[in-house]
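Read through the structure below, which is laid out as structure tokens, and then see the notes.
A short reminder: the numbers here are calculations on the coordinates, not readings from a lab. These numbers were taken from a predicted model, which means no experiment stands behind them. Heads up, the Cβs are rebuilt from the backbone with ideal geometry, glycines too, and the neighbour counts pull from every protein chain shown.
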Amino acid sequence: MKFSIQVNEGPYTHQASDTAYNFTRAALEGGHEIYRVFFYHDGVNNGTRMTTPPQDDRNIVNRWSELSKEYDLDLVLCVAAAQRRGIVDEDEAKRHGKSGDNVAEGFRISGLGQLIDAGINSDRLISFGD
Amino acid sequence: MAMLHTVNKSPFEINSLERCLQMAKSGSSVLLIEDGVYGALDGTVFSAKVKAADGLTTYVLGPDLKTRGLDPAKLIEGIEIIDYDGFVQLVADHDRIQTWL
């Protein structure tokens, strides 16, 4: 079955981004397809590679990047939510005259249309957040 | 097919579980996750409301119970404990998912 996931909460906030990750991994290991993971609102904070948790803590951002690599996942950050929170890719940084970009490996920045598309093209859309 | 409702906050913190129980149609399922698992405990001021929800099947995410040190023996009778594979299966078995935030 084809699932899409919406993540509305940042990492290390409550538990939603952990739950979303565990659910996504379980679905993939169960043989399901993940059409897209869409990060919205504070959820976009899951996609900055500047995240540096203490060494004895899980690295939520790297965990998403690694899962993306393993399963060729489409991880999408909402562009408007990302810009508000200072998360930019190379193109956006150039366009807005910022000195650097910070999107983590495996993530891409795109628009809200990608969430609508995910809703249309997936059998199930499930959201996690606060 | 029926709807799956997920609730991720404690009923002692916010009224999302209460609203869910009021709105969910008979034949639907409710899955308690994260701090929502506190709603599965028996003997609380809230448990009567969960027991009174007629026609709903209630599940609770086992790993989240364990994380909080909650004893499965103290759950309201009839609530089924599932793991993440069970969560995925529930999502597949219901045609719509309502996340109560």
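Odds and ends about this structure:
- The residue list A:GLY119, A:GLY43 contains one member that is within 14 Å of chain B (Cβ to nearest Cβ), surrounded by fewer than 16 Cβ atoms within 10 Å (Cβ to Cβ) and within 23 Å of B:LEU31 (Cβ to Cβ), which is A:GLY119.
- When the range A:15-35 is filtered for residues that are at the interface with chain B (Cβ under 9 Å from one of its Cβ atoms) and farther than 18 Å from B:LEU31 by Cα, the ones remaining, listed by number, are A:ARG25, A:GLU29, A:GLY30, A:HIS32.
- Annotation: A:VAL88 fulfils all but one of (1) surrounded by fewer than 19 Cβ atoms within 10 Å (Cβ to Cβ); (2) out of contact with any Ser or Thr (no Cβ under 9 Å at 6 or more places or on another chain); the unmet one is (1).
- Identity of the residue in the range A:100-130, of a type in the set (D, E, K, R) and either outside any strand (DSSP E or B) or over 15 Å from the mean Cα position of the chain (by Cα) (or both), that ends up farthest from A:GLU9 (Cα to Cα): A:ASP123
- The range B:77-91 - residue that is of a type in the set (A, V, I, L, M) and in contact with a strand residue (DSSP E or B) (Cβ under 7 Å, 6 or more places away or on another chain) and, of those, farthest from the other protein chains (Cβ to nearest Cβ): B:ILE79
- Among residues of the range A:91-116, those that are surrounded by 16 or more Cβ atoms within 10 Å (Cβ to Cβ) and in contact with a strand residue (DSSP E or B) (Cβ under 8 Å, 6 or more places away or on another chain), counted: 10
- Screening B:THR44 on (1) touching a strand residue (DSSP E or B) at 6+ places or on another chain (Cβ under 6 Å); (2) farther than 29 Å from A:SER4 by Cα shows it passes everything except condition (1).
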